[in-house]
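To keep things clear, I will list the structure first and then write my remarks on it.
The values are calculated or read from the model by the stated rules, or taken from the named source; none is laboratory data. This is a predicted model, so every value here is computed, not measured. Quick reminder, even Gly has a Cβ in these numbers, built from the backbone with ideal geometry, and neighbours come from all protein chains shown. For the accessible areas, the whole protein counts, side chains as well, though only heavy atoms, and no ligand, DNA or RNA atoms are used. Shrake-Rupley method; radii C 1.70, N 1.55, O 1.52, S 1.80 Å.
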Amino acid sequence: MTSSSDRSPAVDVPSSKTYEVRTYGCQMNVHDSERLSGLLEEAGYVPAPEGSDGDADVVVFNTCAVRENADNRLYGNLGRLAPRKASRPGMQIAVGGCLAQKDRDTIVKKAPWVDVVFGTHNIGKLPVLLERARVQEEAQVEIAESLEAFPSTLPTRRESAYAAWVSISVGCNNTCTFCIVPALRGKEKDRRTGDILAEIETLVGEGVSEITLLGQNVNAYGSDIGDREAFSKLLRACGAIEGLERVRFTSPHPRDFTDDVIAAMAETPNVMPQLHMPLQSGSDTVLKSMRRSYRQERYLGIIDKVRAAIPHAAITTDIIVGFPGETEKDFEQTMHVVREARFTQAFTFQYSKRPGTPAATMENQIPKEVVQARYERLVALQEEISWEENKKQVGRTLELMVAEGEGRKDGATHRLSGRAPDNRLVHFTKPDQEVRPGDVVTVEITYAAPHHLLAEGAVLDVRRTRAGDAWQKRNAAEAAEPAGVMLGLPKIGIPEPLPAVTGGCAAH
């Protein structure tokens, strides 16, 4: 529950004021954007029509600072909005997130038409800052140095009726040389277990059947209170919540991935057989340079233990190619780990300098053409492995949670899409009876591609769920109101591979 002290003071918003939130970066930013939307709606704003592309009374940029050209992208987008703002009296532009936390006053100097700049620690102040900027007719820059209120205490506008993010911690205590997150998000701060479980129970009461536990280093949960088994206890507690069908989490760190977590995953039925375990490099030398606190043997040992306890687990990872000083021998060690681990999928990134990180000033930066060649070799290997692993699914009968908007060709192929328990994406033949997002169908897999599966036969069973009811209720309510704007968010679960960029801040 949200107490009155957690919320911003009421603001005077004229009727029918519209807003749009544009989100960049990791899952934590996705979750923050849901909070920003909830704050604005509680303050009286309404979503701008979908596709409005900046034609709103308030446009909020929730930024990411981990890419080399993040600031260029932001200022380019701000520049495109400048003439629109000049011709639209009363329009406001706000910039928040990691880049705002990092650049602070620079944003207003470079883009003086911005009205509000706020940081990662005080997103709850956005409505008040917008009102203050309107009344005082000058930009408001407010960057808190530490967390003012845990994001989950703020109102939310969730983008899914059947699946939800649940933040269990913010910040990170690691010092990876390629990552700027600790400087912008601060040290790890854990949320009380009781508050987490209360939020999950509330979400389930609203019809949510799948939750993803979220943290920059999610399995380090409990470091605040000195309980190394706090995360495994939390997973087991999720197993006792009636109506909660699927539990996922992202992203863990190999350093903190202990045997009790593996046991909790294997022994808790609603914890899904899926693990996203960032590798970053298979070379011990590079891992040391990255300040990653594990080595190849430790990493592969974790994979072996997970596979022994959960034979059908789908394991995915993040890999950075071309880190400063990476030799051909180092790269071959990464290829070795990929062959040994047999990841279902790998999110592969070409290293690029991240301003403010130690790696950006390291010697022996790798030439672009070398990085590109290694990247292509790695992608080719992983594509081969992904396809081979997916082919093992052919003939299996799987329960899918029907998804919304995950199959771009569903309309043309008369198919629907869903996620298997291990989070594989499956496109299946649309049955004669109504099937809603959040419902569960049983299908037999008939074909495998590297990044998806097909179930081309008839659906074996359809189970209508409370989550499907929640989706139908929300859809009917939104159809009766002006269409809302999507946040441009990734789907729940691990998405399809992204273009070659440096990994996001949740990819630790």
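Across the chain, C-alpha contacts under 8 Å between residues 6 or more apart give a mean separation that, scaled by the residue count, equals a relative contact order of 15 percent.
So which trypsin sites (Lys or Arg not before Pro) in the range 266-317 pass both tests, a DSSP loop state and at most 10 other Cβ atoms within 10 Å of the Cβ? Within the range 266-317, no trypsin sites (Lys or Arg not before Pro) qualify (loop, at most 10 other Cβ atoms within 10 Å). Peptides 415-426, 264-275 ranked from most to least packed give 415-426, 264-275, packing being the mean of other C-beta atoms within 10 angstrom over each peptide's residues. Per-residue SASA remark: Trp165, around 10 Å² accessible (1.4 Å probe; ligands, DNA and RNA not included).
The string of couplings for the range 264-277 from the Karplus curve (6.51, -1.76, 1.60, θ = phi - 60°) is 5, 4, 6, 9, 10, x, 8, 7, 6, x, 9, 9, 9, 10 Hz, one whole number per residue in order, with x for Gly and Pro. Label positions at Lys233 and Lys430, each projected 7 Å from the Cα along the C-beta direction, are separated by 4.9 nm.
Over the range 356-410, with every protein chain in place, what whole percent of the accessible area is carbon and sulfur at 1.4 Å, could you tell me? That share works out to 51 percent. Charge dipole of the chain (Cα centre as origin; +1 on each Lys and Arg Cβ, -1 on each Asp and Glu Cβ, all else neutral): 740 debye, rounded to the nearest 20. Dividing the convex hull volume of the alpha-carbon atoms in the range 92-243 by its residue count gives 127 Å³ per residue.
The calculated FRET efficiency for the pair Met362 and Asp469, based on their C-beta separation and a Förster distance of 41 Å, comes to about 0.15. Classify the range 137-225 as rounded, prolate or oblate, taking a ≥ b ≥ c as the square roots of the eigenvalues of its Cα gyration tensor: rounded when a/c is under 1.5, otherwise prolate if a/b is larger than b/c and oblate if not. The shape class here is oblate. Phe343 contributes an accessible area of around 0 Å² to the protein surface, as traced by a 1.4 Å probe with all chains present.
Once a ≥ b ≥ c are taken as the square roots of the eigenvalues of the Cα gyration tensor of the range 93-133, is the result rounded (a/c under 1.5), prolate (a/b larger than b/c) or oblate (a/b not larger than b/c)? In terms of gyration-tensor shape, oblate. Using the alpha-carbon centroid of each, what span in Å lies between the range 173-202 and the range 83-103? For the range 173-202 versus the range 83-103, the Cα centre distance is 27 Å. A dipole drawn for the chain from +1 and -1 charges on Cβ atoms has a positive end, and of Ala70, Leu425, Leu300 the residue lying farthest that way is Ala70. Please turn the phi angles of the range 404-413 into ³J(HN,Hα) values with the Karplus equation 6.51 cos²θ - 1.76 cosθ + 1.60 (θ = phi - 60°), one per residue in order, whole Hz, x for glycine and proline. With the stated coefficients, the range 404-413 comes to 10, x, 8, x, 5, 9, 4, x, 6, 9 Hz.
Note that the range 315-472 presents 45 Å² accessible area per residue, ligands and nucleic acids not counted, probe 1.4 Å.
Under the rule a/c < 1.5 gives rounded, and otherwise a/b versus b/c splits prolate from oblate, where does the range 72-117 land using the Cα gyration tensor? Taking the square roots of the gyration eigenvalues as a ≥ b ≥ c, the range 72-117 is prolate. Overall size of the range 290-348 from C-alpha positions, given as principal axis extents largest first: 37, 21, 17 Å. What's the local net charge at Gly411, with K and R +1, D and E -1, over the other residues with C-beta under 15 Å away? Value of the local net charge: +1.
Based on C-alpha pairs under 8 angstrom that are at least 6 apart in sequence, the range 248-335 has a relative contact order of 38 percent.
Computed 3J(HN,Hα) for the range 37-44, one whole-Hz value per residue from the Karplus formula 6.51 cos²θ - 1.76 cosθ + 1.60 where θ = phi - 60°, is 5, x, 4, 5, 5, 5, 7, x, glycine and proline marked x. Rounded to whole Å, the principal axis extents of the Cα atoms in the range 405-474 read 35, 26, 20, largest first.
The loop-placed GluC sites (Glu not before Pro) in the range 333-433, going by DSSP, that have at most 16 neighbouring Cβ atoms within 10 Å of their Cβ come out as Glu363. How many angstrom lie between the C-alpha centres of the range 429-474 and the range 104-150? Result: 44 Å between the Cα centres. If Lys and Arg each add +1 and Asp and Glu each add -1, what is the summed charge of the other residues whose beta carbon sits under 15 Å from the beta carbon of Ser251? Neighbour charge sum, excluding Ser251 itself: +1. Rg/Rh, computed from the Cα trace of the chain with Rh as the Kirkwood radius, has the value 0.95.
In the chain, the calculated helix contribution to ellipticity at 222 nm averages -10000 deg cm²/dmol per residue, counting -39,500 (n - 2.57) for every DSSP H run with n ≥ 4. Extension gain, Glu478 to Arg295: 0.36 nm times the residue separation minus the Cα-Cα distance gives 60.9 nm. Each Lys and Arg contributes +1 and each Asp and Glu -1, all at the Cβ; summed about the Cα centre of the range 152-254, the dipole is approximately 320 debye.
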